[in-house]
1. Need at least 3 residues that are surrounded by 13 or more Cβ atoms within 10 Å (Cβ to Cβ) and touching a residue at least 40 places away in the same chain (Cβ under 8 Å) per element, so show me which strands (runs of 3 or more DSSP E) inside region 165-222 make the cut, counting only ones lying wholly within it.
2. Among the listed residues 106, 69, which satisfies the condition of being under 17 Å from the mean Cα position of the chain (by Cα) and closer than 14 Å to residue 16 by Cα?
3. Kindly provide the set of residues from region 309-326 that are at pLDDT below 90 and either in contact with a helix residue (DSSP H, G or I) (Cβ under 6 Å, 6 or more places away or on another chain) or surrounded by 14 or more Cβ atoms within 10 Å (Cβ to Cβ) (or both), ordered by number.
4. All but one of (1) under 17 Å from the mean Cα position of the chain (by Cα); (2) free of Cβ contacts under 8 Å to residues at least 24 places away in the same chain; (3) not in a helix (DSSP H, G or I) hold for residue 48; which doesn't?
5. Quick check on region 264-283. Is at least one of its residues surrounded by 19 or more Cβ atoms within 10 Å (Cβ to Cβ) and modelled with pLDDT of 90 or more?
6. Mind listing just one residue for me: the one in region 153-164 that is assigned to a helix (DSSP H, G or I) and surrounded by fewer than 22 Cβ atoms within 10 Å (Cβ to Cβ) and, of those, modelled with the lowest pLDDT?
7. Can you tell me which residue in region 252-263 is farthest from residue 306 (Cα to Cα), limited to those that are at pLDDT below 85 and over 22 Å from the mean Cα position of the chain (by Cα)?
């Protein structure tokens, strides 16, 4: 496993279907081709791998000649996409406080994302940098445009939907679209092939008050974030499930590899799962059950191939598991799934 297998909330794909349809494609079909479900994307509580995000954005941009796809995705996002963190940011006392909230809890959206204050890359007094980065190393250009585009959009929204004094933007990749497209989006000069993705902002921005904030709402949101995610207590079972959903067929369920990806010792991962009332084996079983139901009832794949995709060595293992999960055989489950009302009989 690599860092690009780290999870990110599936809501990151919101709006992609509509953009593809506008470009002459069929949005739902494109999502389905990557194993994405629009309903789950809208729910906002499921995860996908960062690797999948990179692949979808790059391939979609090439296929439909959308050189500015990342910026288009960012332009249509609302600050509410980051959930309770949005409430905390919008009701912070200053923009600097809002940025601190984002830095502290961005991992709730994805442990692959980081936002840090830096010195101005050009060394100018009175200017600071906001560096957007990922733990994945060489992130795809479209994903970088999307990520830093969202940071810019959220800062604008938090600043009362008005410009916040952006000096310029630095991006670590070659220009993807005409410079005018970047300038129109950011409202500032954009430089390419730089060491990292940075928004160059006035140092005074961090002390700029946020008008219309509600301190009570901020305290409620922060209390929620502290209670559920304080001290980096990510919902580990969700993250493990998201990683396993990408890895079952290739590497199989391997606790040490998953632990290493999450920067945890295997015993620490086991303890964290235990605190959430589950085990690694239980999470593996849950992911396999979900994927088995989908593959058996919505595809015509041979059961031997489905077993392999689930990381099972033999078809007989799949048969035993399906009987335990659904009380029937794979063939009967497939038949039931093809009936208008049959599938629900096998779903808890």
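The values are calculated or read from the model by the stated rules, or taken from the named source; none is laboratory data. Just so it is clear, the model here is predicted, and its values are computed rather than measured. Please note: Cβ atoms are built from the backbone with ideal geometry, for glycine as well, and neighbour counts cover all protein chains shown.
1. 197-202
2. 69
3. 309, 310, 311, 312
4. With respect to (1) under 17 Å from the mean Cα position of the chain (by Cα); (2) free of Cβ contacts under 8 Å to residues at least 24 places away in the same chain; (3) not in a helix (DSSP H, G or I), residue 48 is out only on (2).
5. yes
6. Residue satisfying both the conditions and the ranking: 157.
7. That would be 254.
To keep it simple, each residue is scored yes or no on (1) out of contact with any strand residue (DSSP E or B) (no Cβ under 9 Å at 6 or more places or on another chain); (2) at pLDDT below 85; (3) crowded, with 19+ Cβ neighbours inside 10 Å; (4) within 26 Å of residue 158 (Cβ to Cβ).
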| site | (1), (2), (3), (4) |
| --- | --- |
| 23 | yes, no, no, no |
| 30 | yes, no, yes, no |
| 39 | yes, yes, no, no |
| 60 | yes, no, yes, no |
| 69 | yes, no, yes, yes |
| 80 | yes, yes, no, yes |
| 94 | no, no, no, yes |
| 99 | no, no, yes, yes |
